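None of the figures in this text is laboratory data; all of them are computed from the coordinates on show. Predicted model only: the values in this text are computed from it and were never measured. Cβ: placed from backbone, ideal geometry, glycine included. Neighbour counts: every protein chain shown.
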Amino acid sequence: MKHIVILGNGIGGITTARHVRKLSQHRITVVSGETEHFFSRTALMYLYMGHMKYEHIKPYEDFFWAKNRIELRQAWVKSIDFEKKELHFAQSTSEPLGYDILVLATGSTPSYFEWPGQELPGVQGLYSYQDLERMETAAPRGTSRGVVVGGGLIGVEMAEMLLSRDIPVTLLVREKSYWGNVLPREESELVSRHIREHGVDLRFGAELAEIKPDASGQRVGSIKTTSGEEIAGPFVGLATGVRPNVDFLRGTSLEVDRGILVNKYLETNLPDVYALGDCAQHREPPAGRKPVEQIWYTGRIMGETLARTLCGTRTPYTPGVFYNSAKFFDIEYQTYGQVPARLDADTGTFYWEHPEGRIALRINFEKETGAVTGFNACGLRLRHEVCARWIEQQSTLSHVMQHLREAHFDPEFFRRHEPAIAAAFRAAHPAQASSLQGKRSWRERWFSF
Amino acid sequence: MRSLKKIGLGIFLLGFVAWVGTLTMGQFTLTDAILKQELKPEHYELLRPALEPMIGRTYASPFGFGRDFNTAFGRINDDFKANQQWDSVIYDNYAFPVARAASAGVLTESTLLWFWLTFGLAILGALLYILPNLRQLPGIKNDHIYHRSMTSRGWLGISLGVFLIVFYVGLYFYPEYLVNWTLLVDPLSRALSGNPASQWFLYGFIYTLAIVVMGVRMLIKYRHSPYQMLRTGSVMFFQTSFAFIIPEVLVALNRPYYDFKNIWPLDYDFFFDWHLNTLLSNGTLGVFMLVWGIALAFIAVPILSYFYGKRWYCSWVCGCGGLAETLGDPYRQLSDKSLKAWKIERYLVHSVLVFAVVMTALVLYTYFTGQAKIGPVDSYSVRSVYGFWIGALFSGVVGTGFYPYMGNRVWCRFGCPLAAYIGLVQRFKSRFRITTNGGQCISCGNCSTYCEMGIDVRWYAQRGQDVVRASCVGCGICSSVCPRGVLNLENADPDSRVTVAPEVLFGNDMPKIK
């Protein structure tokens, strides 16, 4: 029996702990300074908005940990002595904690870009539980305006949070469109329209230059963009991305680049030290994957994989077909496979959008073979297994179009869009036209929609 | 939009306060003629002397009147009991009909005016409060549910719970004090059935009103979801027609009062002798009602639940479910999701089912043999114990009174014998399940939080397992609130339900060991 110490209680660390417990009798200790228990980071926004309380975003009841002999230790780690195999805590009175195997799952930290004034009170990112607590006090109801910087997922989340308390929001996006480095133009425009529909003052091509204090000099008062415009706002949200939370590991024997360098077994350069999740950087990422992938799902998949290795079966990280999801205000977004913002010459695309402009489906395919390579769905739910299977089996676009009903995952009685999508496809690709198969819903049969 | 809502709230509160205020209004004068009219002749002889001091005296509220009547009535019965004159003890409830007959004053003279000043204002105010929500964009709107005192067990929620509990205690045990409220709906009752309004008519009216008005709120809140809209429309329809209007019209036509969608064992007195006798003395229609009721319980329930799960009844048709899904919607998040609560739920709800079945068996034994006693057990006392503890206290006082404390499905989850029965079908032999979409769950907890039945939906979703649970009423809110489209209510081959978590979650290509 070995003592496995996991540093970080996010989805990566906790998945590792749970699966190690399933597979072995090793002693497990999870260390985190952030919170005592595992919580769903993706749900932090709902606490501020009053949808849930902290207890609701904990995926396991508190008794779960003792029952499964997973020891929890709430403390911040200052440094790691890889020679002696010990963790040293920030609180000097705490004894060091020894380990046989160390798993680094330290997650991310918001990245700021050396803006003047970024350290002022009222300026913050949103990643940790502590960030949420700060936002509760920094942006109460009645705040005159919130300026959010960053056109990604956290930016739109912060905008939605502030609006829930009737705080007007200006959202500054450096690029020419929302999440333009990830979303293709049409989806980006669709989401942008929706963000504006909610009353957000959304500005493209607007870059933050400087954050200025208010009259008291004690907290933020306004921001200035690179074009010289000044926007008053006693709250500034910085949502300009995250980077691996590895600063305290730099300068040690552990090899760190942007993140902790790992091979496909999630092993670092040091024996008995592993890393996974947001903080890990793959030396040889799987095909089509980025070296650092800050996604809930990949953190979980790495955790499942690493537990195998720790329990004696050395297992490489082999994520399946890529998938991810998000929600922009009221519009859900799912993506499967590869749907880059800009197409390469070999890839074709089929895009359908509902006339009301809140629902869309995109399917990418290889021009030569017709094999589908990726799906984007906005305001439409698709069945994960079906989309992944089509991509894996390189089903052709016309096959997918015929069998589109199989991917339907919207609730019962929802308007079925397959006929409209199929009609759009026939118009765009007359040569490949073939009829939509599968059983029509009763609504289609009786009311023809 | 905000100011309109505030005005609406103000008007609603005005109507509500006026409504509560009417309880203290009116004059109550007992006369000999009223006693003769309302009491059975043998009881008239017994009660007349004790009620003598009340006759001709005018009371300024139903409270003094009711108290004096009950005191006199109680004294007579106490004397009978003390003298062991068991045959003379009076079990009839006279306080309510006598108080109703003795009432006079503005509520009887200007009933319609007061109806509009109370119910009318409350409805108008509620709609003004609800309708401006149409200006919000369609989508999940659960903002500030845990910031509001009303919906997070704050002082407002606690006060509402106390009000509801007091209301139910009054309704079941002291209707004579609520007599003024029945006067307000008396014209409606007379129009529908030709009879004066009883406390049960009053209850049916308020119940239906709550479902319809809060149903409108539900229709607006979930107007992005056809599933939620259809389901809400369905419970509004069944309550208004099947539960409220049709039974009253049947009475107007001299037919038995019958709710065609109420099913044994929720309808626990279906097999009581008085009910069977009523049905059997009503010709073809009565026999049809008897056969219909039996067919619903023993044929429709298993078949429809096999095809669609529990939801076809619990969240589309049932009256208790209808109230829970409309009036109770703002409280769904207060249900306890702990493992401990689930354990208590299973013991409790199945015990009530056993109790209901045993009681019905005893009642039928008595019906067919004419013997009240089975060994030491008296079937009449068993049914009265059930009626008091389960029928009145559990389903009414606790079932609805506890909305602001334990969520909107306390009765359905912990007490309803029909829910327990359908739940067994759903759990073991049904096409219904809530499908988890591959590996898409982000464990956010919205599904579990907003599950009114206290199911920890996330526990299933995050391990890639379908939700197959006896208690799930199929309201579909978990699917609605899921921000990633992970959950879907589906019907398919029962064997395709994923009831064991996959060893490796979908999305990970690592090989399986087993």
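The shape of segment B:432-509 comes out oblate: with a ≥ b ≥ c from the C-alpha gyration tensor, a/c is at least 1.5 while a/b does not beat b/c. Among A:Phe235, A:Gln432, A:Pro340, whose Cα lies farthest out toward the positive end of the dipole of chain A, if unit charges sit on the beta carbon of Lys, Arg (+1) and Asp, Glu (-1)? After comparing all options, I get A:Gln432.
First check a/c for chain A, with a ≥ b ≥ c the square roots of the eigenvalues of its C-alpha gyration tensor; if it is under 1.5, answer rounded, and if not, answer prolate when a/b is larger than b/c or oblate otherwise. It comes out oblate by the Cα gyration axes.
Above 15 Å lies some portion of the pair distances; for segment B:27-104, what is it as a whole percent of all C-alpha pairs?
Beyond 15 Å sits 51 percent of the P(r) for segment B:27-104.
In this structure the amide hydrogen of A:Ile260, modeled in the peptide plane, comes within under 5 Å of the amide hydrogens of A:Ala280, A:Gln281, none closer than 5 places in sequence on its chain. Across segment B:310-320, computed HN-Hα scalar couplings (Karplus, 6.51 cos²θ - 1.76 cosθ + 1.60, θ = phi - 60°) run 5, 4, 3, 9, 5, 10, 10, 10, 4, x, 4 Hz from first to last residue, x flagging Gly and Pro. Taking the longest Cα principal axis of chain B as reference, the axis of helix B:339-369 is set at about 50 degrees.
How large is the Kirkwood hydrodynamic radius of segment B:203-333, in angstrom, based on all distinct alpha carbon pairs?
Roughly 15.7 Å, rounded to one decimal.
For A:Arg243, the amide hydrogen comes within under 5 Å of the amide hydrogens of A:Thr109, A:Ser111, counting only partners 5 or more places away or on other chains and with H modelled in the peptide plane. When a/c reaches 1.5 or more, the comparison of a/b and b/c decides; with that in mind, is segment B:150-431 rounded, prolate or oblate per its Cα gyration tensor? Taking the square roots of the gyration eigenvalues as a ≥ b ≥ c, segment B:150-431 is rounded. Report the far tail of the P(r) of chain B, meaning the percent of Cα-Cα pairs longer than 30 Å. Of the Cα pairs, 54 percent sit more than 30 Å apart.
Placing +1 on each Lys and Arg Cβ and -1 on each Asp and Glu Cβ, with no other charges, gives the protein assembly as shown a dipole about its Cα centre of roughly 980 debye. The mean number of Cβ atoms from other chains found within 10 Å of a Cβ in peptide A:312-322 is 3, as a whole number.
The ranking of A:Thr396, A:Thr106, B:Thr58 by Cβ neighbour count inside 10 Å, starting from the fewest, reads B:Thr58, A:Thr396, A:Thr106. Just checking the listed ones, A:Phe350, A:Phe204, A:Phe64: in the Gaussian network model of chain A with Cα springs under 10 Å, the one fluctuating most is A:Phe64. Two numbers describe the Cα atoms of segment A:312-383: Rg and Dmax, which are 14.9, 55 Å. Let me have the relative contact order for chain A, percent, based on Cα pairs under 8 Å that are six or more residues apart. About 13 percent, as a whole number. Protection proxy ranking for A:97-104, B:239-246, B:91-98, using the average of other Cβ atoms within 10 Å per residue and placing the highest first: A:97-104, B:239-246, B:91-98. Residues B:Thr284, A:Thr252, A:Thr349 in ascending order of nearby Cβ atoms (within 10 Å, fewest first): B:Thr284, A:Thr252, A:Thr349. Database remark: amide H of A:Phe235 closer than 5 angstrom to the amide H of A:Arg145, A:Val147 (H placed geometrically; neighbours at sequence offset of 5 or more, or on other chains; Pro and chain starts carry no H).
With just the Cα atoms defining each centre, how far is segment A:109-166 from segment B:446-495? Give it in Å. First find each Cα centre; the distance between them is then 32 Å. Candidate cross-link partners of B:Lys514 among the lysines, defined by an alpha-carbon separation under 21 Å and a same-chain spacing of 8 or more, comprise A:Lys22. Peptides A:184-190, B:355-361, B:498-504 ranked from most to least packed give A:184-190, B:355-361, B:498-504, packing being the mean of other C-beta atoms within 10 angstrom over each peptide's residues. Counting neighbouring Cβ atoms within 10 Å and putting the fewest first, the residues A:Arg73, A:Arg314 line up as A:Arg314, A:Arg73. Cβ under 15 Å from B:Arg383's Cβ, B:Arg383 left aside: what net charge do those residues give with Lys, Arg +1 and Asp, Glu -1? Charge balance in the 15 Å sphere: -3.
Inter-chain neighbour count for A:381-391: the average number of beta-carbon atoms from partner chains within 10 Å of each residue's beta-carbon is 4.
Go through B:Lys141/B:Lys261; A:Lys67/B:Lys337; A:Lys58/A:Lys85 and tell me which ones have a Cα-Cα distance over 21 Å in this structure. Where the Cα-Cα span goes over 21 Å, the pairs concerned are B:Lys141/B:Lys261; A:Lys58/A:Lys85.
Mean separation of Cα pairs under 8 Å and 6+ residues apart, divided by the residue count of chain B: what relative contact order is that in percent?
In percent, rounded to a whole number, it is 14.
Peptide B:502-514 has a mean of 6 when you count, residue by residue, the C-beta atoms of other protein chains within 10 Å of its C-beta. Expressed in Å, the radius of gyration and Dmax of the Cα atoms of segment B:118-266 are 17.7, 52.
For segment A:404-417, backbone phi angles converted through the Karplus equation (6.51, -1.76, 1.60; θ = phi - 60°) give residue-by-residue couplings of 3, 4, 5, 8, 4, 9, 5, x, 4, 6, 6, 4, 8, 9 Hz, Gly and Pro being listed as x.
Given +1 at the Cβ of Lys and Arg, -1 at the Cβ of Asp and Glu and no other charges, the dipole of chain A around its Cα centre is 1080 debye to the nearest 20.
Using every pair of distinct Cα positions in the protein assembly as shown, the Kirkwood expression returns a hydrodynamic radius of 31.8 angstrom.
Scaling the Cα radius of gyration of segment A:123-240 by the globular reference 2.2 N^0.38 Å produces a ratio of 1.01.
Relative protection proxy for A:39-48, A:139-148, from highest mean packing down: A:39-48, A:139-148 (other beta-carbon atoms within 10 angstrom).
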